[in-house]
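Data first, discussion second: the structure below is written as structure tokens.
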Amino acid sequence: MNKFRTLTPDQLEDNVFRLISKDWMLITAQRKDGTANTMTASWGSLGVNWGMPVATVYIRHSRYTLPFVDEAEGFSLCVFGEEYRPQLAYCGKVSGRDEDKIAKCGFTLAREDRIPYFEEARLVFLCRKVYAQDMPADCFVDKGILDQWYKEGDHHRMVLGEITKVLAR
């Protein structure tokens, strides 16, 4: 397996819009007992808040990964090469409640500062959780978003993490 090199967030050369919406990513966190779970995401953002580089992720309350992120001090965002598209699709469809999808995908779980990530990723953002807030219906200015994305009422929690390290191949 290729070794990672460490980057600062401002050294990132990838297009962040492509990383999140087209390449997808796995959001991964672990509970205090050391168990980890992951989910595929294609929504999020990378930027600067409060003078620090941050990643923002959105996780629905129904997702099994949310309690892991809630309990953890941090989380990772892992971006993979196109050859891993089937595993990413699988991690977006199957719940960790039902099976060990990390093992089923054949991913190698590594940890740094108690934040789990995957050795197979081509790019890893290690994040220290700094803010979390639910996204209630009454805060949406554009009510059409509610009609399009929240018909079932399963709203997201927005979680911001300070990007403490970027690992790249």
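Mind jotting down the distance between the C-alpha centroids of the range 57-96 and the range 25-39, whole Å?
The two parts, judged by their Cα centres, are 8 Å apart.
Please turn the phi angles of the range 102-118 into ³J(HN,Hα) values with the Karplus equation 6.51 cos²θ - 1.76 cosθ + 1.60 (θ = phi - 60°), one per residue in order, whole Hz, x for glycine and proline.
Computed from phi, the couplings for the range 102-118 are 5, 5, 4, 7, x, 6, 9, 7, 10, 9, 9, 6, 6, 9, x, 8, 10 Hz.
May I have the pair-distance distribution P(r) for the chain, computed from all Cα-Cα distances with 10 Å bins from 0 and rounded to whole percent?
Values per bin, smallest distances first: 10, 40, 37, 12, 1.
Can you report the principal axis dimensions of the range 1-73 using only the alpha carbons, biggest first, rounded to whole angstrom?
That gives 34, 29, 28 Å along the principal axes, largest extent first.
Over all Cα pairs of the range 71-168, how is the pair count split among 10 Å bins, expressed in % and running from 0 up to the last occupied bin?
Calculated over all Cα pairs of the range 71-168, the distribution is 13, 33, 35, 18, 1 percent.
Search the structure for amide H atoms under 5 Å from the amide H of Y150, placed 1.01 Å from N in the peptide plane, and list their residues when 5 or more places away or on another chain.
Those qualifying (amide H under 5 Å, at least 5 residues apart or on another chain) number zero.
What are the ³J(HN,Hα) values, in whole Hz, obtained from phi via the Karplus relation 6.51 cos²θ - 1.76 cosθ + 1.60 with θ = phi - 60°, for each residue of the range 5-22 in sequence order, with x given for Gly and Pro?
3J(HN,Hα) across the range 5-22, in whole Hz: 10, 8, 10, 8, x, 6, 8, 5, 9, 5, 7, 5, 5, 5, 3, 7, 7, 9.
Roughly how big is the chain's charge dipole about its Cα centre, with Cβ charges of +1 (Lys, Arg) and -1 (Asp, Glu), in debye to the nearest 20?
On the way: 23 positive and 24 negative charges, 57 e Å.
Its charge dipole is roughly 280 debye.
Only Lys, Arg, Asp and Glu count, each charged at its Cβ (+1, +1, -1, -1), so figure out the dipole size of the range 42-139 about its Cα centre, rounded to 20 debye. Please list the in-between numbers first.
Working: 12 positive and 14 negative charges, 24 e Å.
Charge dipole, the range 42-139, about its Cα centre: 120 debye, nearest 20.
Which ³J(HN,Hα) values in Hz, rounded to whole numbers, follow from the phi angles of the range 52-69 under the Karplus curve 6.51 cos²θ - 1.76 cosθ + 1.60, where θ = phi - 60° and Gly and Pro get x?
For the range 52-69, the Karplus curve yields 10, x, 9, 10, 10, 10, 10, 10, 5, 4, 6, 7, 5, 6, 4, x, 5, 5 Hz.
Bear in mind that the values in this text are calculations on the coordinates, not laboratory data. Owing to the predicted nature of the structure, the values given are computational and were not obtained by experimental measurement. Neighbour counts are summed over all protein chains in view; Cβ atoms, including those assigned to glycine, are modelled from backbone coordinates with ideal geometry.
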